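Reading through the structure tokens given below for one structure.
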Amino acid sequence: MAVEPVAPGTGTGEVLIDRYGRVARKLRVSLTDRCNFRCVYCMPEHVTFMPSDELLTADEIVRIVGVFARLGVEKVRLTGGEPLLRPEVVDITRRIKAIPGIRTVSLTTNGVRLPQLAAPLKAAGLDGVNVSLDSLDAGRFRLLARRDQLEAVLEGIRAARAAGLDPVKVNCVVMRGVNDEEIPAFLRWAAEEDLVVRFIEFMPLDADNIWERRRVVTLAEILQRAETLGAVEPVAEDPTSPARLFRVRGLGVTFGVIASVSRPFCAACDRVRLTAEGRVRNCLFATTETDLRDLVRRGASDDELAAVVRDAVWSKWAGHLINRPGFVKPERTMHRIGG
Ligand code: SF4
């Protein structure tokens, strides 16, 4: 679906609208660039993390999210790096959930710290979690995450469910020749566990420059692999959700595919991002950013911050250019964006 520019000034002052008329309702907040994994599609094996004084403080995060809420943002997703490495994550969750206008707070994690944190996060108001799990095979898991933590992640998923977090979804980045043959096994496992797995096309946001188009397993190919288990039918979904939903009739399992490369969903994009050091990214693949941290630290008012945020969102492009000649890979890698 093509997006057409709208006239400047379209939409009331308290709506975050871009020049194509899309309204931002979802904010993804990166709490840290630190992670206890080294996933090959996300970060380098050897990495230097930002000094903590460069990160937004908990107060700054809550204040900035408050400005976004005032501008119509309703849903917040906490990301990283690994957000559960942020010591104040439970308190930040509680304070964001208490902001007027914020309806849901969810989180994307590698799951390892969920056994300790799932219950306090639930009590703090966390709604759901997405747990990253790219293989059910310990050896392949180690190859992808560069950590030997498959059992810990499975334990984390169990802890999230036991704590009553809902929904609990599983995100699996699919790479050709690495874990694509596991798709049927993942679906059988998801059916047994009554979980929703979302298969994610490999995106050019890695740190080691291993991304190549031929390594992308497309939505069509993922469906082909699912069809080895039975007839696959589409399921009605939220049009603003990045995941397209399907059901394997015989198996009775629903799964998602996030097809950023082969079937971009930019026309209905309602997401904006805040990096751990306080920069607004109006697109996952943005090559420019807008700083808020220094404005906050220089004493800017909420109105001034709101004006800067509006401009940052207004200037959002129609969509990523991965499939166009001249695509420029963002300098910032996934672990410093947060997905
Ligand atoms: S690539 Fe950018 S515009 Fe497209 S859906 Fe993702 S964030 Fe939105």
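The values are calculated or read from the model by the stated rules, or taken from the named source; none is laboratory data. Not measured: the values here are computed from a predicted model. Using ideal geometry, Cβ is built from the backbone for each residue, glycine included, and neighbour counts are taken over all protein chains shown. Side chains are part of the model used for accessible areas, which takes the heavy atoms of the whole protein and leaves out ligands, DNA and RNA. Shrake-Rupley method; radii C 1.70, N 1.55, O 1.52, S 1.80 Å.
Structure above, values below:
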quantity: Count of the range 63-115 residues which are closer than 27 Å to Pro44 by Cα, out of contact with any helix residue (DSSP H, G or I) (no Cβ under 8 Å at 6 or more places or on another chain) and touching a residue at least 24 places away in the same chain (Cβ under 8 Å); calculated: 5
quantity: Qualifying positions in the range 20-49 - over 26 Å from Lys97 (Cβ atoms) and in contact (Cβ under 8 Å) with a residue 60 or more places away in the chain; calculated: Tyr20, Phe37, Arg38, Cys39, Val40, Tyr41, Cys42, Met43, Pro44, Glu45, Val47
quantity: Condition broken by Trp317, with the remaining ones in (1) surrounded by fewer than 21 Cβ atoms within 10 Å (Cβ to Cβ); (2) touching a Lys or Arg at 6+ places or on another chain (Cβ under 8 Å); (3) aromatic (Phe, Trp, Tyr) satisfied; calculated: (2)
quantity: Subset of the range 153-173 (residues that are touching a residue at least 60 places away in the same chain (Cβ under 8 Å) and among the aliphatic types (A, V, I, L, M)); calculated: Val173
quantity: Selected residue [in a loop (DSSP other than H, G, I, E, B) and either aliphatic (A, V, I, L, M) or open to solvent by 60 Å² or more (accessible area, probe 1.4 Å) (or both)] from Val112, Val76, Val105, Val62; calculated: Val112
quantity: Meets criteria (open to solvent by 40 Å² or more (accessible area, probe 1.4 Å), at pLDDT 95 or above and of a type in the set (Val, Ile, Thr)) for Thr32; calculated: no
quantity: Test set (1) at pLDDT 95 or above; (2) buried (at least 20 other Cβ atoms within 10 Å of the Cβ); (3) of a type outside the set (D, E, K, R) - Thr288 fails condition number; calculated: (2)
quantity: Failed item, numbered, when Phe255 is tested on (1) within 12 Å of the ligand (Cβ to nearest atom); (2) part of a strand (DSSP E or B); (3) aromatic (Phe, Trp, Tyr); calculated: (1)
quantity: Of residues in the range 283-321 being within 8 Å of the ligand (Cβ to nearest atom) and in contact (Cβ under 8 Å) with a residue 60 or more places away in the chain, the one nearest to the chain's Cα centre (by Cα); calculated: Leu284
quantity: Within the range 232-242, tally of residues that are touching a Leu at 6+ places or on another chain (Cβ under 8 Å) and either open to solvent by less than 50 Å² (accessible area, probe 1.4 Å) or more than 16 Å from the ligand (Cβ to nearest atom) (or both); calculated: 4
quantity: Of the criteria (1) surrounded by 20 or more Cβ atoms within 10 Å (Cβ to Cβ); (2) within 12 Å of the ligand (Cβ to nearest atom); (3) free of Cβ contacts under 8 Å to residues at least 60 places away in the same chain, which one Arg263 fails; calculated: (1)
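So that you can scan it fast, the table gives a plain yes or no per residue for (1) open to solvent by 30 Å² or more (accessible area, probe 1.4 Å); (2) charged (D, E, K, R):
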{"residue": "Arg244", "(1), (2)": "yes, yes"}
{"residue": "Arg273", "(1), (2)": "no, yes"}
{"residue": "Gly278", "(1), (2)": "no, no"}
{"residue": "Val328", "(1), (2)": "yes, no"}
{"residue": "Arg336", "(1), (2)": "yes, yes"}
{"residue": "Gly339", "(1), (2)": "no, no"}
